[in-house]
Each structure stands twice: as structure tokens, then as C-alpha cells.
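What follows is a short report on a single structure.
The values are calculated or read from the model by the stated rules, or taken from the named source; none is laboratory data. Just so you know, these numbers come straight off a predicted model, no measurement behind them. A quick note on method: Cβ atoms are made from the backbone with ideal geometry, for glycine too, and the neighbour counts reach across all protein chains shown. Surface areas here come from the heavy atoms of the whole protein model, side chains and all, with no ligands, DNA or RNA. Shrake-Rupley method; radii C 1.70, N 1.55, O 1.52, S 1.80 Å.
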Amino acid sequence: MEREWLDLGGPTWTVQAEPGDAWEMVPAAIRDRLLDGIPATVPGVVHTDLMAAGLLADPYIGVNERDQAWVGRQTWVYRRVFALAADAPQLTRRHVDLACDGLDTVAEVTLNGVLLGHSANQHRRNLFDTAGALAAGDNTLAIRFRPALEYAAEMAALVGARPHTEAHPFNLVRKMACNFGWDWGPALITAGVFKAIGLVSWRAARILDLSVLATLDADGRGRLRVCAQLTGELRFAALTVRVSGHGVRAELGGDAQQEWTEVVLPVSGVEPWWPHSLGGQPLYDVEVTLHNDVAVLDRVTRRTGFRTVELDTAPDPDGQGATFGFRVNGTDVFARGANWIPDDCFPSRVTPERYRERIQQAKDANIDLLRVWGGGLYEQDAFYDACDELGMMVWQDFALACAAYPEEEPFWSEFEAEARDNVVRLSAHPSLIVWNGCNENIWGRADWAFMTEGDAADQTWGAGYYYDLFPRVVAELDPSRPYWPGSPSSGRPDLHPNDPNFGCVHIWDVWNERDYLAYGEYSPRFVAEFGYQGPATYATWARTLAPEDRSATSDAMLLHQKAAGGNAKLNQCIRDHLPTPGETAADFDDWLFAMQVQQAEAVRYGIERWRSLRGRCRGSVVWQINDCWPVTSWAALDLGTNAAGQPVARRKPLWYALRSAYEDRTVTLQREGGAWRLALVNDGREPWPVWGSVELRRLTGEVVWSQPLDLAVPVRDRADLALDPGADGPGLAWAVTVDGAERYVKLLAPDVAQDFGAPGYAATVAVTPEGVAVTVEAETFLRTLCLFPDRVAEDAWADTCLVDLFPGEIHTFRVTGADGVAPADLAEFTAWRALRCVTNPLHHPTPRP
């Protein structure tokens, strides 16, 4: 008698265009095909179906995106015919609901011509009662999607337009904002059934939804709060809760007509869940059954982990600021984070395997927190499952970004339903540690002039959500997690939202207006966004752009640079740091290398600053870890394809810089005024006994000043040493050796001021059981030595990058993914296009074999 699920997904749908006001935008050659309908797959969206039918070029390639705005301006009707036998559960049970986990976006749902309901919110689940609509034999389910911009125009007429960034009014329709275009993403306005859809058949009562909150008491014993939302006509039933492996069982009476039933029970002997930087990730299955005296009526299982999380905002003793940082299981955490955006413009293409691979790549870069940014989605369950398993903390934004949002109906009710749906849906995941009200909306209201111009000054803008609705929903449904009004936010309306002495900040004057050395002027409590652009990897551009388009200023490349003035900002900053490359096709290799190195160095400079302030600063969250298409962006992982057409996230040099800067134990040199400070930071699990030396060397390797290191750095702490070498300028570099290994090199003058001379080195290639090893022995100082194995084999990548070598030093790059390289081509790994370092000026020497 338990519920039954009939999956209606699969390649058994059709999608058909319905002519409207924008029909003339549709290419004439394909109109008849669209009117007749084409095969469609669910989950999916109209763009993926059009591509599969050969009617739409891949928008990620070349300039294809430019001519595809027509897709988002049409009305699309998805249909599926499915047969039911007369004795099918969907016809013999008293209740049958159509469950739609994700409709994108403005949808009308009919079954056999009977209207089941409407939806205008991509961000929440829908449940439609099919009473009286199903029949034996063939049934036709139709979902009509109106253009999102058409709906937004209607909302503007109803409640008034609201200010927003970007070109389109994304803030007037509950759809992921970046779908309309962003400063790193294309405008590909989708429509379709992008998550699971199916029929749920049941009898007298069922569990409609389930909240599971697993915490730890002060004595380490687990505490489980289970709230079941019931529906049906049964007045008397029982709920049984079981925790796997612990023999814990609780029973209580339930009334399906009272909706919510709650039970709290202690669970002894559980192990705590930790972020991967602090411990393990034991997980437990919680099974909840609804039954009467005769049979089990319904059964729902959630997987969870036991932990406590707090947001520490204790005021400073002098009242001039307040801390901002997370505490997990009583342990203060320095968050080593990155921002997460949707991993594809078409979210249905992101599989559980792809989520896990991407989160593993973040973990391998020593990242322990991902912030799910408010201009995207509440991600699919598989994202949070992978974070639970891999020990990745999640900062979850509510889905509002960079705009004013109306608080009038129908928006207030939609936001409340959306918030309730997602807070409950994600409640069991121990990785989720904080709910955040919005992205940059509070800051924008305070500082962006266009947000308060004209009518906007007197309109509602979202404050009611950030300071009233969302905190009430979280307090009611998920008291196990903290809530924060926005990012950035100082926590209170009377404080400037981006005050570095309170709360979390975004630092964007660096990149937009200032050199990255300006990070050194900041002493924030928690940096939730900062970043620097760099282009995608060569292998990704090779699959994206034709050879003639591979230059910094080609039309195709500029279409894949979405930031206003992006290339100009790159060029402006590089002049003070690195030799400036040209922008023609002939300069493409130099441009790609120099801009990628600049991105890595800029972001590493910021991270080292924040970590050197450990104690005052409690977190660094880089913008951003991933991309949704091939682009010049702030990401550490790009998004391209391989020879089989499968998505691939390739590591940019920034990824290696993150891994280095986010190591548990790290060394950084900070220049503050005219003085140098050596900071040794220990975010490991054990005290750090430091022995070694800090030396000032000439680039020839000659030591001109040194100081021994012999000290201990406590757990989750830092130690500072003042350094006064009495020398400065080009030709000198700090070299810090710790625990027998050279860990850190820093030049005293920028690369552009150095006379590196022609690089001298010997390079050899050897095949190993694990792949390929490329060994370099330096004869001169080699600055920022990088191996780009994707220049030889597109799926290959090296274990290290951004290496500084003094004369006589040796480094081996270990390459995986190069299995198909012929022995005769192995020498290509030592060619200058694959193995290169910073020279001044940029040039192309031939290494000695």
C-alpha cells in the first residue's frame, strides 16, 4: 500500500512551437519543423532538444550564441502520451499527484485537456492533483511554457519595474538570474521540464515532505529532530523513525489533517560530521514510515550527519567591529572557499557524476566551503549529497541577486513558498552550514545609484525578505543553522553593508578599478567575494574557436568575454606586473599564458593577505570555482568538451594557485609599509613545529641574508616574524624553506622590472606507469615555470604549475591523461608552447635537450 512512482521522464516527449509575437525571429527554414513538433527529452530544456534535432547550433561554439535569442522569445509546448492499464495503481488508488520537481518557468499544465494548474517559479517543486483527469488507455500530458520575458513585462505592469543589473528584468520572474546573461555567462533563456517529473499514487495518507535536522548536544550525543508533513484524510496513524546502525526507534501518533508532526529523539554513539579539513564524514540513514494498524502507507528515507554549526558574530571589546566566522562542532573554522555558479547553462545536463567530479576538484584545491551564489539555482540533491560525502561545507544563498525585488503579490507568496520548499528539501544535509538572504542587493541599495533613482527610491526592494520573511522561515523550519541577511552584509540595517569591520564583504574595486596590490590595504573579517579574470585553457579554446578566431580581440573571443571592459582591465593591470603580450592571432600563446598567470598571481595575493590576518579574518571565498560555458572569466576551472563531446572542466593556473594558497599549513610574506612580515599559518589538525630558514637571494641563487626558523605554530593559529634584510629591488627574491623543502618564493620587485635574461634549462621526458614525467633542471632562474600538457593531448594535465626554480634546482611535472601520445611526440611536452616560464620581454627560446 505504499506510494508508487511512475516516472514520466525520458526521450518520449515532443516539443512544439506555438507562434506568437516573436515568431518572426525564428529562422524561416525551420518554422515548419517547429510547428509540427520535434522529439524531446525530459529532464531537459528546449535548447538541448533543438540541438539534438539539428535545428540549433551549439551556442557554446564560436559566435553561435549571438543569433539564438529567438529561442527564449517563443512559447513552447511539451507533450507526452503514456498508457495506463485499467488496473494500474494510478487508476485504482484514491489519490494520484503529478510531481514536478522543476518547471522552467512560466508553465500551464494540462492532462487530457483538464487544467491541473500553473507555475511561475523555477526554484520550487510543484504538486498537482490529477483527480478526474486520468483514464485507461492513452493519456496526454501537456505543459505549455510562455516566454519568461513576456511574463516579466506583465509583472512590471502589475507591480512596477525594478532596477537590476544586466540587460533583462530577471528580478520580475522566479528564474535563475544568470539565465538572462551575466558578466561571465551567455543569454540563453531556457524553457522546459529540467528536473524529474512523474505520478505519485497513494491511498489514505502519505508523507508529503520531510525535514531532518541532526545536531550534537554538548556531551557529544546526537539529537535528531524529524518533522513530517502529512496529507490525506486519515485521522489516526503512526510514524516510526529509525536511524541506521543504531537501533534507535521512535513512534508517535500522527494526524494527516494537521499537516506537520514532529519528533525529537536522542541518538547515542554517533560520530560527528566534519568538513574535510577537520575530520571525517560519517553519514546515517533516517527512515520514516507512516502506517496504521494494517499496513505501511508511506516510507521516506533521508541521509544525514550529526554536527552543530554556529555563526560567531561576537563584538570586539572596543565596540568598533565584530567577528564573522563559522564554528563547527565547537571548533572555529577559517573558511577556505570559492563561489559556485550553475555548472552549465542547461542544468539538466549536470549529472550526479559531474557534480561529484567538480566538488572533488574543489576539494583537491584545498577548498572546504562552496558558496552557492544567489544568481543561480538551489542545486539538485546530488550536489549536496556529494558535499556531504566529501566534507565540503555549503553556504547557500536564497536565489536573489544584484537587483531590487518586489514585495507585493504575487512575489511575496512565491518567495515564501520557494523558501519553505528549499529549506525543508535541503534540511538533512550536514554540509549546508548557513542560509544567506541575497547576493549584493543590500549593498546595491546602499551604494549603486541606479538602485534608488526615480520611482525606485519609494518602491519595495526586498528588505522584507532579508530581514523578515527568510529569517522567520529558517527559524521555524531549520533552527539548526544560522541565517545572515546578505552577502555582503554587516548584519544590521544601520551599518554600511560592506563595512570591513563587520560581517562579510565583497571586494570589487580591485579588478574593476585598482591594481591587485590594493588587497593589501584591506583587513576584513570575512571576504565572501573577490577575484580576477583569466582566459580558459588552450584545449578548451581549441574546441570552441576556429584557428583564425584565436586572438584576444576576435569577434568570437570577445563574445566569450562578457565583462564590461574586461580585456581593458586585464591590460591595464598587467603593465605593472608582467611583460605585456600582444593581442593578435600571432600573440595568442603569449596572451593566454600571461593573462592566466596574472589571474593566478592576483588571486593568490589576495588569499595570502586574508590568511595572514587569521584571527581577525575568518574566511576567504574566491569568485569563482567553476564556469558554465567556455569563457574568459574569474573561474579556476573552465568548461569545455573533449573529443567525444563530453563536458570537461580543465584546471587553469589559478586552480594550482588556490591549492597552494589554501594548504593547511602555509607561508606568506606581507609587505606592510616599508616592513616585511613573515606569517606562518596553521589550519591543520596538529601543532606545526616549524624548522627551516628564510633567505634573501639573488636570482643567481646567491644568499645575501638569512634567518633560521625554529618555532611552533598552534592548531588553527598563526605566527608572525618581522624581517629586515636591509636590501630591496629587482634581482632579489625571498626563499622560505620549511621542513626541509623550499615552500615559498617571492620577488622583491615585479616581474616586469626584472632582467631574467634568456631562460636556460635542460628538459627530459620519460614514460612512467602513471603517465608521463617531464623533468626540468634550471641553469638560470626560471620564473613561474608552467607545463601545459593540454597543448600536446587535450585531456592531459600536470600535477603542478607556477613553479619558481633557482639555478641548479630540479622539478618534475607528472602528467596524467596523456595515454594516447605516440612515443615520437613525447618531445612536444618540452616545446615552448607547452613548457614555458615568464621572460622579459615575452619570447620563445628553444630549450637545450
**Complete:** At R0 = 30 Å the Cβ-Cβ FRET efficiency linking residue 840 and residue 58, nearest 0.05, sits at 0.15
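In a shell of Cβ-Cβ distance under 14 Å around residue 93, excluding residue 93 itself, what net charge do Lys and Arg (+1) and Asp and Glu (-1) give?
Working: positive: 3, 94, 203, 206; negative: 2, 4, 87, 97, 129, 233, 298.
Once positives and negatives cancel, what remains is -3.
By average Cβ neighbour count within 10 Å, what is the ranking of 596-608, 45-57, 127-139 from highest down? Each step should come with its number before you reach the end.
Details: 596-608: 24.2, 45-57: 18.9, 127-139: 14.6.
My ranking of the peptides, most packed first, is 596-608, 45-57, 127-139.
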**Relative contact order [Cα under 8 Å, 6+ residues apart], the chain, whole percent** = 9 percent
**Prompt:** Per residue, what volume in Å³ does the convex hull of the Cα atoms of the range 602-680 enclose?
**Reply:** 109 Å³
**Message:** Probe radius 1.4 Å, ligands and nucleic acids ignored: give me the carbon and sulfur share of the accessible area of the chain as a rounded percent.
**Reply:** 50 percent
**Request:** Taking the Cα centre of the range 1-60 as origin, sum charge times position over the Cβ atoms of Lys and Arg (+1) and Asp and Glu (-1), and report the length of that vector in debye to the nearest 20.
**Result:** 120 debye
**Asked** Hey, rough spin-label estimate for residue 83 and residue 496, points 7 angstrom out along Cα→Cβ, what's it come to in nanometres?
**Response** 7.0 nm
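What are the GluC sites (Glu not before Pro) within the range 107-199 that DSSP puts in a loop, where the Cβ has at most 11 other Cβ atoms within 10 Å?
The qualifying sites: there are none.
What does the convex hull of the Cα atoms come to per residue for the range 220-331, in Å³? Mind dumping the intermediate values first?
Details: hull volume 15.1 nm³, N = 112.
Per-residue hull volume (Cα only) is 135 Å³.
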**Asked** If one computes P(r) from the Cα atoms of the range 84-190, what percent of pairs lie at distances over 23 Å?
**Response** 41 percent
**Message:** Suppose we keep just the DSSP beta bridges with both residues in the chain; what percent of those would be antiparallel, to 5?
**Reply:** 85 percent
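Once every DSSP H run of n ≥ 4 in the chain is given -39500 (n - 2.57) and the sum is divided by its residues, what mean residue ellipticity at 222 nm do you get, rounded to the nearest 500 deg cm²/dmol?
Working: 15 runs with 141 residues, N = 849.
After summing the helix terms and dividing by the residues of the chain, the value is -5000 deg cm²/dmol.
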**Prompt:** Among all the lysines, which ones have a C-alpha under 18 Å from residue 175's C-alpha, if same-chain residues fewer than 8 places away are not counted?
**Reply:** 195
**Complete:** Projected onto the charge dipole of the chain (unit charges on the beta-carbon of Lys, Arg, Asp and Glu, signs +1, +1, -1, -1), the Cα from 15, 471, 199 with the largest positive-side position is that of 199
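Give, in nm to one decimal, the length gained when the segment between residue 458 and residue 158 is fully stretched (0.36 nm per residue of separation minus the Cα-Cα distance).
That pair, residue 458 and residue 158, stretches by 106.4 nm at full extension.
Given R₀ = 56 Å, FRET efficiency for residue 685-residue 24 by Cβ-Cβ distance, to 0.05?
0.30
Magnitude of the Cβ-charge dipole of the chain, K/R +1 and D/E -1, about the Cα centre, nearest 20 debye?
Values: 76 positive and 115 negative charges, 197 e Å.
Here the size comes out at about 940 debye.
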**Asked** So if we plug the beta-carbon distance of residue 515 and residue 32 into 1/(1 + (r/R0)^6) with R0 = 60 Å, what FRET efficiency do we get, rounded to 0.05?
**Response** 0.60
**Prompt:** With θ set to phi - 60° and the Karplus curve 6.51 cos²θ - 1.76 cosθ + 1.60, what are the ³J(HN,Hα) couplings of the range 771-777 in order, to the nearest whole Hz, using x for Gly and Pro?
**Reply:** x, 10, 10, 10, 10, 10, 10
**Message:** Just to be sure I understand the model, the point goes 7 Å from the Cα along the line to the Cβ. What's the resulting residue 318 to residue 665 distance in nm?
**Reply:** 3.4 nm
**Request:** Report the full-extension gain for the segment residue 677 to residue 299: residue separation times 0.36 nm, less the Cα-Cα distance, to one decimal in nm.
**Result:** 130.1 nm
**Fill in**
Burial-style ranking of 331-344, 678-691, average other-beta-carbon count within 10 Å with highest first, yields 331-344, 678-691
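What does the highest-first list of 116-125, 191-200 look like by mean Cβ count within 10 Å?
Working: 116-125: 20.5, 191-200: 23.0.
Most protected by this proxy first, the peptides run 191-200, 116-125.
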**Prompt:** Along the positive direction of the dipole of the chain (beta-carbon charges: Lys, Arg +1; Asp, Glu -1; about the Cα centre), which of 165, 591, 733 reaches farthest?
**Reply:** 733
**Label-to-label distance, nm, for residues given as residue 643 and residue 721 (7 Å Cα→Cβ offset)** = 5.1 nm
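Would you mind getting the accessible area per residue of the chain, heavy atoms of the protein chains only, 1.4 Å probe, in Å²? Before the final figure, lay out the partial values.
Numbers: 29930 Å² over 849 residues.
Value for the chain: 35 Å² per residue.
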**Message:** In whole Hz and in residue order, list the ³J(HN,Hα) couplings for the range 76-92 that follow from phi through the Karplus curve 6.51 cos²θ - 1.76 cosθ + 1.60, θ = phi - 60°; x for Gly and Pro.
**Reply:** 10, 10, 9, 9, 9, 9, 9, 9, 10, 6, 4, 9, 5, x, 5, 10, 9
